[in-house]
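The values are calculated or read from the model by the stated rules, or taken from the named source; none is laboratory data. Note that the structure is a prediction, hence the values are computed from the model and not measured. Glycine gets a Cβ as well: all are built from the backbone with ideal geometry, and neighbour counts include every protein chain shown. What goes into the accessible areas is simple: the full protein's heavy atoms, side chains included, and nothing from ligands, DNA or RNA. Shrake-Rupley method; radii C 1.70, N 1.55, O 1.52, S 1.80 Å.
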Amino acid sequence: IFKNKKFKPTTDPLLIYECHIGMATEQEKVGSYWEFKEYVLPRVKKSGYNCIQIMAIQEHPYYGSFGYHVSNFFAASSRFGTPDELKELIDTAHEMGISVIMDIVHSHAVKNEVEGLGRFDGTPYQYFHEGSKREHTAWDSLCFNYQKNEVLHFLLSNCKFWLEEYNFDGFRFDGVTSMLYLSHGLGESFSSYGDYYNINQDGDAICYLTLANKLIHEVKPGAITIAEEVSGMPGLASAVGSGGIGFDYRMAMGIPDFWIKTIKEYTDENWKPGHIFWELTNRRADEKTINYAESHDQALVGDKTIIFRLIDADMYWHMSNLFESTYQVDRGIALHKMIRLITSTTINGGYLNFMGNEFGHPEWIDFPREGNGWSYKYARRQWNLLDNEDLKYKFLGEFDREMISLIRSENKFQDTPIEKLWDNEGDQVLVYRRNDLIFVFNFHPSKSYTDYGFLTKKGSYKVVLNSDSPKFGGFGIVDENIEHITIEDKLYKKDKKEWLKIYIPSRCALVLRKEK
C-alpha cells in the first residue's frame, strides 16, 4: 500500500541520478530492489539529486542487454526482486522527496519467441512490421508497427500501467531517433533542417510518441517525459498544442560526445572556453534539455569514463591520500570537477549523472558474459572507494554534493538567463553570470592570474564554491574569505557595470555570489 499518494516531482531544476538496480550493489552479484532502497537511496538523498532514473525495469532475457531488449513489457524484472519490493522502493524515494522515472523501451523488442512477442500468435507480424522492415539489423531486434491500432493500444496501455500500478513519475523514452526515421537514423548526417523533413520520417511513430505524451500527462499531471534522441528533430520537446511531439525534455546527447572529443583530440593548451560554452548552450529556446557530461553509455566496455580518460592507469596506483600524488592524477581531478561544474550550471532544463561517475568510479561496466567467464566484477559499484577517507574519490564526491547544493539553492536555477561576461581564448578564461551568481573558469594548464578583471554588476561578491579547495582535493591557494568589491570605471558608468578583479589559479573554477 503506497503511503505517499500525493507526491509531486520537483523540476526546478530536474537533477537526475541515473541508476541500475542490479549493478548498484558492491558485491559481485545482481543487486535487489530492497538493497537499493536500503543502501543507495540514502546516498542519492545525501548527494542532493531530486530524481532517479532507473534502467532495465521491464523484463529482459539477457542481463547484459542493459534492459534494452525487452521481452515482457508489463513485468518488472524479477531478477531484482518482487513487484511489491519495487513499489516500496518508489514509495520510499517519494518519502525522501525524490521522484522516480524509468527507462521505457518502446522503440523495439527482443527477437526471442519463447518469452517475447516475436511470434506471440504464431505469426511474425502481429506486433511488428513484416518483410524487410521487421528487423532492426543494427540492434538485432524487432520493430513495432505503429500503424496498427492494436499496437498503439498495447504501448499506450503500457505507459498507463507503470504510472498507475507502480506510481512511477514518468519516463525516459529510449531510442527515439530510431523511431522517428524509417532509416532509424543510421547513416544520416542531419546537417540541415531539410534532413528532418523528408520522406524518411516515420509518421506513424511520430503519431504514437505524440499520443504517448498526451496520455502520460493526462493520466498523471506533472509527470516527466524525456526523449533520448540524437538527431535534433525540431519540436520534439515542444508542446503538442504548438505543433510539437510533447516531451518535457530532450537529452543533450551532443555534450558527452563533445567532451570525449575534446579530451581525446586536444591538448589542454588548445581547449577553447568560448567554444565549450557555445557547445553547452547551443539549443533551441523553446525546448528544455538535460545536460550531462557522461551517462552509462560512456562507461561501457570499449569506451572510457571521463575520469579514466583523464587519469588512465594512474588511477590504480596513485589515488591514495597517504602517498605523493602525480601530475596526471592532480590534472584529472581538477578537470573532472570543472567539466561537471560547467556542464551542470549551463542547463536550461535539467542535469544527469550516472551512479558512481560523480566520485570518479574507476572501472568500466561489463556485464557477466561468456567472454569474461560470467563475472560480476565490473557490473557493480564500489561505494567503499567513496567512503574510504584515505582515497581521493571522496574529494570528487564532496565537490559533486556541494555543486548540486549550490544549484538547488537558487530558485528555478534552470530558468535564470545566462550572460557571458568574459571569454579570452589566449588566457583560456571564461566568465558567465546567472542572476547573482558568477561562474569563473580558468582552463589554462599552467597560468594563474592575479587581479584578473571583468565587468559585472556593481557590488560585493563572496566565493561560494572553489574547485581548488583542499576539501575537494585542490591546493587551497585561494582565500575564500576575501570580500571582492567592484571598482568603478567612468567608461562603463552608464552601463551600470564595474570591474571585478580576482585571483584565478590555473585549472580552477570559482563561483561568486553577489552579497545582498
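Checked against (1) surrounded by fewer than 18 Cβ atoms within 10 Å (Cβ to Cβ); (2) of a type outside the set (D, E); (3) at negative phi, K412 passes all but condition (3).
Of a type in the set (F, W, Y) and either more than 30 Å from D415 (Cβ to Cβ) or open to solvent by less than 10 Å² (accessible area, probe 1.4 Å) (or both), is that true of F2? Judged against the criteria, F2 is a match. Within segment 210-242, the set of residues being basic (K, R) and open to solvent by 50 Å² or more (accessible area, probe 1.4 Å) comprises K214 only. Residues in segment 41-66 that are part of a helix (DSSP H, G or I), closer than 30 Å to N112 by Cβ and either in contact with a strand residue (DSSP E or B) (Cβ under 6 Å, 6 or more places away or on another chain) or not aromatic (F, W, Y) (or both): G64, S65. Please list, ordered by first then second residue, the pairs with beta carbon atoms under 7 Å, 6 or more apart or interchain, first in segment 483-505 and in contact (Cβ under 8 Å) with a residue 24 or more places away in the chain and of a type in the set (A, V, I, L, M), second open to solvent by less than 100 Å² (accessible area, probe 1.4 Å) and part of a loop (DSSP other than H, G, I, E, B). Final answer for the pair search is L500/T486; I504/S448. Taken residue by residue, segment 121-132 has no member that is under 21 Å from G170 (Cα atoms) and buried (at least 22 other Cβ atoms within 10 Å of the Cβ).
Exactly one residue out of F168, F247 is touching a Leu at 6+ places or on another chain (Cβ under 7 Å), closer than 30 Å to N4 by Cβ and touching a residue at least 60 places away in the same chain (Cβ under 8 Å): that is F247. Please indicate, with yes or no, whether at least one residue in segment 274-284 is out of contact with any Pro (no Cβ under 9 Å at 6 or more places or on another chain) and among the hydroxyl-bearing types (S, T, Y). There is at least one residue in segment 274-284 that is out of contact with any Pro (no Cβ under 9 Å at 6 or more places or on another chain) and among the hydroxyl-bearing types (S, T, Y).
For segment 167-202, residues that are in a loop (DSSP other than H, G, I, E, B), closer than 30 Å to N72 by Cβ and open to solvent by 10 Å² or more (accessible area, probe 1.4 Å) total 8. I need the full set of residues from segment 326-339 which are open to solvent by 10 Å² or more (accessible area, probe 1.4 Å) and either assigned to a helix (DSSP H, G or I) or in contact (Cβ under 8 Å) with a residue 40 or more places away in the chain (or both), in order please. If the condition is that a residue be open to solvent by 10 Å² or more (accessible area, probe 1.4 Å) and either assigned to a helix (DSSP H, G or I) or in contact (Cβ under 8 Å) with a residue 40 or more places away in the chain (or both), then Y327, Q328, D330, R331, A334 are the ones that fit.
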